[in-house]
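A quick write-up on the structure given underneath.
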Amino acid sequence: MAYEIQHSRGNSVEPETEQIVESDLVPSDRLDDTSVFRPDGQKLGQVSRFMVSRRSGRVRYVEMKLTNNSSGDELLPVPWKLLSYNSEREGYICEADDETLKNSPSRSKNDRPEWNAEHAAQIARFWDTPC
């Protein structure tokens, strides 16, 4: 019977083969502050938090803190499907350009929007993708 033993870096080892396998599962508390990079490797920011649908259990979007934001107060919602994980960088890749990020809906980390369908629709309209 094959089973996996979890290790601290998210990898697992199959005991029968001792082969390292990258796990698709990661505890949610390890995702906060995960780096987000541009495709060229430049650090863009960090994940502040993941927004999860109560009904489906799926991540809808992430709120991202930009690295070049001097106050560190502004959070940008980015649809989950627009990020891809890069295991070499141990972070996510976001292909949005500067102009898109500059015009993205955002909020202060101290503001609490209504987490409702209209809020999600506003994000989806801006990014032109469902979230």
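Under a 5 Å amide H cut-off, with hydrogens placed 1.01 Å from N, GLY45 pairs with VAL36, THR67 among residues at least 5 apart or on other chains.
Amide H contacts for TYR61 (H built 1.01 Å from N in the peptide plane; partners 5 or more residues away or on another chain; cut-off under 5 Å): MET51, TRP80. Counting Lys and Arg as +1 and Asp and Glu as -1 over every other residue whose Cβ lies under 12 Å from the Cβ of ARG89, the net charge comes to -1. Given a 1.4 Å probe and the protein chains as shown, LYS81 ends up with an accessible area of around 130 Å². The listed residues CYS131, CYS94, once ranked by accessible area (1.4 Å probe) with the largest placed first, stand as CYS131, CYS94. Normalising the average separation of contacting C-alpha pairs (under 8 angstrom, six or more residues apart) by the number of residues puts the relative contact order of segment 58-122 at 28 percent.
Segment THR129..GLN42, full-extension length gain: 28.9 nm, with 0.36 nm per residue of separation and the alpha-carbon distance subtracted.
The values are calculated or read from the model by the stated rules, or taken from the named source; none is laboratory data. Just so you know, these numbers come straight off a predicted model, no measurement behind them. For neighbour counting, all protein chains shown are included, and Cβ atoms are generated from backbone atoms with ideal geometry for every residue, glycine included. Each accessible area value is taken on the protein alone, full model and side chains, heavy atoms only, with ligands, DNA and RNA left out. Shrake-Rupley method; radii C 1.70, N 1.55, O 1.52, S 1.80 Å.
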